[in-house]
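Heads up, the thing below is written out as structure tokens.
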Amino acid sequence: MAKIFCVANQKGGVGKTTTTVNLAAGLAKVGQRVLMIDLDPQGNATMGSGVDKRKLELTVYDVLLESASLLEARVHSEKCGYDVLGANRELAGAEVELVDVERRERRLKLALADVGEHYDFVLIDCPPSLSMLTLNGLCCAHGVIVPMQCEYFALEGLTDLVNTIKQVHANLNKDLAIIGLLRVMFDPRITLQQQVSDQLKSHFGDKVFNTVIPRNVRLAEAPSYGLPGVVFDPSSKGAQAFVTFAEEMVQRIKAM
Ligand code: ADP
Ligand code: MG
């Protein structure tokens, strides 16, 4: 059965989408069957996987509103080697349209129930908020991957997310846990980043992934080509780090 992970952090611009698409591509590269779900109306993970969000006939929006099944709405990204349940602006309306729906936070979980055996990993790119969309992701996940930059205020921002995860765990999804904190956009030459990284390690122990994702311009350039860095420039430092991270994830789920 597929292991389902949300990539979440309520801050914008911390590397969620970059992590989602590159981990998806890295996992595909090491032979895993992957579904990437874009839960952000911005649709960056969709575009960054080589799928044009403006041309999609069905998206995660249709799945949440039950006007299509997940199997109908997913598409395959040939270049990236994984399946995509895409998103576009339409998804912004889902929040309002789900207001009167019963068990509205479990829509995605229901939709995923019949695809579990098709995949080894399902990765969900969450929007930068703790909204109904993020809640749908957290309700169906086994774990949360939290990308974070090693900056002074990084830990402060984590409190709200940790509290939300605790609440979801207590009330809605007993399976949910923070699987790990991923240090991203890391620059070892900056002393402060090294210090915050050490603090994270001593505070969270093995909840901090061993792999560190460096700041790497190829990862930032790749989206404009509609590709994850892992596919765009496999030999770059950033791409190699994400493949190593994919291998670390494969090892971690064996222990789950
Ligand atoms: P989020 O989804 O959390 O809003 P993104 O993944 O879109 O964040 O990243 C924000 C910006 O930082 C993007 O322009 C992205 O290309 C860039 N970026 C992300 N990770 C890296 C990295 N490791 N090195 C360089 N640039 C990065
Ligand atoms: Mg994003």
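The values are calculated or read from the model by the stated rules, or taken from the named source; none is laboratory data. Predicted, not measured: the structure shown is a model, and the values here were computed from it. Glycine gets a Cβ as well: all are built from the backbone with ideal geometry, and neighbour counts include every protein chain shown.
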task = Residues being part of a loop (DSSP other than H, G, I, E, B) and either more than 16 Å from ligand 1 (Cβ to nearest atom) or under 17 Å from residue 254 (Cα atoms) (or both): count how many of those fall in the range 1-50.
result = 6
ask   = What's the number of the condition residue 163 fails, among (1) loosely packed, with under 15 Cβ neighbours inside 10 Å; (2) touching a Pro at 6+ places or on another chain (Cβ under 6 Å)?
value = (2)
ask   = Would you say residue 159 is touching a Ser or Thr at 6+ places or on another chain (Cβ under 7 Å), under 27 Å from residue 256 (Cα atoms) and not small (Gly, Ala, Ser)?
value = no
message = Restricting to the range 143-154, give me the number of residues that are surrounded by fewer than 23 Cβ atoms within 10 Å (Cβ to Cβ) and more than 15 Å from residue 194 (Cβ to Cβ).
response = 2
inquiry  = Being under 18 Å from the mean Cα position of the chain (by Cα) and assigned to a helix (DSSP H, G or I) is true for just one of 87, 111. Which residue is that?
reply    = 111
query = Out of the residues in the range 68-104 that are closer than 14 Å to residue 137 by Cα and modelled with pLDDT under 95, which is surrounded by the fewest Cβ atoms within 10 Å (Cβ to Cβ)?
reply = 103
task = Evaluate the following for residue 92: is it closer than 21 Å to residue 27 by Cα and either within 16 Å of ligand 2 (Cβ to nearest atom) or touching a residue at least 40 places away in the same chain (Cβ under 8 Å) (or both)?
result = no
Top-ranked residue of the range 167-190 - restricted to ones that are in a loop (DSSP other than H, G, I, E, B) and aliphatic (A, V, I, L, M), ranked as nearest to ligand 1 (Cβ to nearest atom) = 190
remark   = Picking from 237, 201, 174, the residue that is over 19 Å from the mean Cα position of the chain (by Cα), of a type in the set (Lys, Arg), at pLDDT 95 or above and over 30 Å from residue 110 (Cα atoms) would be 237
Residue selected from the range 191-226 under the condition in a loop (DSSP other than H, G, I, E, B) and more than 16 Å from ligand 2 (Cβ to nearest atom), by the criterion farthest from residue 178 (Cα to Cα) = 216
